[in-house]
Every structure is written in C-alpha cells, then in structure tokens.
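Novice: I have a structure here, written as structure tokens, and I will follow up with some questions on it.
The values are calculated or read from the model by the stated rules, or taken from the named source; none is laboratory data. Note that the structure is predicted; figures quoted are calculated from it, not measured. Note that we place each Cβ from the backbone using ideal geometry, even for glycine, and neighbour counts take in every protein chain shown. The accessibility values were calculated without ligands, DNA or RNA, using every heavy atom of the protein model including side chains. Shrake-Rupley method; radii C 1.70, N 1.55, O 1.52, S 1.80 Å.
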Amino acid sequence: MRIYELGDGTPEVSVVGSIHGDEPCGARAIERFVAEDPDVERPVKLIVANEEALAADARYLDEDLNRAFPGDPNAESHERRLAHDLGREVRGTTAFSLHSTQSYAEPFAIVDAVDAISRSILPRLPVDVAVETNHFAEGRLIEHAHTIEVEAGLQKSAEAADNAYWLIRAFLTATNVLPAPAVASDGGSEGGGPDEESESQTEDDRLKLGIPEEGSLDVFRLLERLPKPPADQYEVHATNFEPVAAGETFARADAEQFVADRDFYPILLSAYGYADIFGYAGEKVGTLP
C-alpha cells in the first residue's frame, strides 16, 4: 500500500485506487494528480491500495480485497491483512474509491445508499448514473461510512485512467480540498452572450461543477444477481441501465438463452466480468438532485 498525504493536518478526505490489481486506472490517476503537486485547501490522503496485485497484473493474490473488509491483521491472506490496514487508513474520512469494469465505458458512481454526504457530492461528479448496492455490499470498502465508489470506464483503457483523474479532481473540489475552478472561454468579452463564447472548452469545464440540471443524475438500486452457469462462450444482449422487458432475452451461455421473467434494468452486466454471474438486475428509484 502506497500512501500520499497532501496538506497540513489530519486528512478527513481520502482517495483509494487499485483495490484490484487488474484495474490500474486508479493508481495512474493518483500518480498523475500527485505529480502535479497541487495546492490543497484541506489535507487529503491518496492511497494506491493493492500494490502487489498491481505489479502482478492480477485482480488479487489470495482473495478479492473488495470482499475482505473489515479484514484481519493476523490473517494468512494478503488481502485480508491489507483490508484491515486500508480500513484503518480511511477511518474518519470521506472516501472515494476508483474502479474500472468490463461492462460499461462511461463513468458511474456506486454507494451503499444515498445519504446526506453522497447527496451533496454525487451531483458534482461527472457521472450520469449512481447505483445503490442495497444488501450486496458485504465485505466491500463501500460498507465504510461515507464512501463513494466510481467505475471510471473500461478496464485497462487509457480512457478509464483519464476519467479517473478528472473524477479525483471533481471529488476533491466537491469536498473543498481543491478550490472550485473558474470556467473560462477563449476570447469571450465579459458579459457577452453565449454566441460569443469559444467552442473550445477549458479542462476545468470537464469537471461539470456548475449548477446541476434538475434530474440530471439517475439513481438505480441492485435487486438480485443474475447467475451465469459454466459454459465455453457467453454473450450479453442487453445494455446496462437500459430497460429489459419481461420475455426479452438478455444473455446466452453456449446454447442456453436467458429470458427476463420480469422487467428490470441491467447493471454491471457483461459476458466475462464475473466468474459466476452475468451481473445484476436493478430498478430505477429516482433522480438527483
């Protein structure tokens, strides 16, 4: 575990990357951010979690770290010991955990439940979707109070690493670690109309920290796992966060077709992202803000 601390005092905000060693986007984004030596207005802790698995390009060495919390300092398992140490490092902080996925290219957020903290932060992140884990968070860092996870994009892609960097900056701005950026335009005169603004955006524009549009962030909730039997080939026919109607085929394992027995929204659905499930069935519960 590699830890960077910026600012003076005890951090009340933390960022965690690469809990899974085959998801390097978090480590790359943290290293990029720290290398800039940013001025911070509140102390913050940034953690590259599973360095050993990252070096091995493996999801984990002994067991899934994001199923091993709260951990055990005396465990034989590397990840279970690491879970204990990582839990200690983020205790007392509002934590932001960066992941990537095989199921969806656009960033989205995951929370145990939308509470006051996440309600104040989520609309200020460059995401359009948030997912409540419901009762599927057992053993995950997200069980730690005031934790927001984000899926930054497709696993091992350059886009995911770039998205993760901007997500860090947006989260740290939302938690007052970084000052809110001024959105600038090239050549527009003060007080000019929209037609006077340059079409090119500054990097700060990507943080999307203006006043959110009403109902701009859809909130979903996990309902059940969608089992995946042993097979040689898998296919997924549904699109994440788009409704599947009862009677529609949503996946295939070899010659076996899987048909929805009720309406649902697919979440984290992919052919090979999980060993024994296609992903999750969910429901849409509302919008934020």
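Rundown of residues vs (1) open to solvent by less than 10 Å² (accessible area, probe 1.4 Å); (2) closer than 15 Å to residue 96 by Cβ; (3) at pLDDT below 95; (4) not basic (Lys, Arg), yes/no style:
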residue: 1; (1), (2), (3), (4): no, no, no, yes
residue: 18; (1), (2), (3), (4): yes, yes, no, yes
residue: 34; (1), (2), (3), (4): no, yes, no, yes
residue: 43; (1), (2), (3), (4): no, yes, no, yes
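Novice: Then there is this: Give the residues of the stretch 213-267 that are of a type in the set (D, E, K, R) and at positive phi, sorted by residue number.
Specialist: Correct list: 254 only.
Novice: Which number in (1) farther than 30 Å from residue 272 by Cβ; (2) surrounded by fewer than 20 Cβ atoms within 10 Å (Cβ to Cβ); (3) modelled with pLDDT under 95 marks the one condition that residue 123 misses?
Specialist: Result: residue 123 passes all but (2).
Novice: Further question: For residues in the stretch 45-60 being assigned to a helix (DSSP H, G or I) and open to solvent by 30 Å² or more (accessible area, probe 1.4 Å), which is nearest to residue 87 (Cα to Cα)?
Specialist: 51
Novice: While we're here: Pull up the stretch 140-156, narrow it to residues that are among the hydrophobic types (A, V, I, L, M, F, W, C) and in a helix (DSSP H, G or I), then point me to the one that is farthest from residue 48 (Cα to Cα).
Specialist: Among residues in the stretch 140-156 that are among the hydrophobic types (A, V, I, L, M, F, W, C) and in a helix (DSSP H, G or I), the one farthest from residue 48 (Cα to Cα) is 142.
Here's the yes/no breakdown for (1) of a type in the set (Asp, Glu); (2) farther than 23 Å from residue 137 by Cβ:
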{"residue": "5", "(1), (2)": "yes, yes"}
{"residue": "9", "(1), (2)": "no, yes"}
{"residue": "23", "(1), (2)": "yes, no"}
{"residue": "33", "(1), (2)": "no, yes"}
{"residue": "39", "(1), (2)": "yes, yes"}
{"residue": "44", "(1), (2)": "no, yes"}
{"residue": "49", "(1), (2)": "no, no"}
{"residue": "52", "(1), (2)": "yes, yes"}
{"residue": "71", "(1), (2)": "no, no"}
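Novice: Those residues that are at pLDDT 95 or above, in a loop (DSSP other than H, G, I, E, B) and farther than 16 Å from residue 124 by Cβ, I need them from the stretch 157-185; list them, please.
Specialist: Selection gives 157 alone.
Novice: If I filter the stretch 84-108 down to residues being within 20 Å of residue 13 (Cα to Cα) and assigned to a loop (DSSP other than H, G, I, E, B), which single residue comes out as nearest to the chain's Cα centre (by Cα)?
Specialist: By that ranking, first place goes to 93.
Novice: Residue check: is residue 245 farther than 26 Å from residue 22 by Cα, of a type in the set (A, V, I, L, M) and open to solvent by less than 60 Å² (accessible area, probe 1.4 Å)?
Specialist: Criteria met by residue 245.
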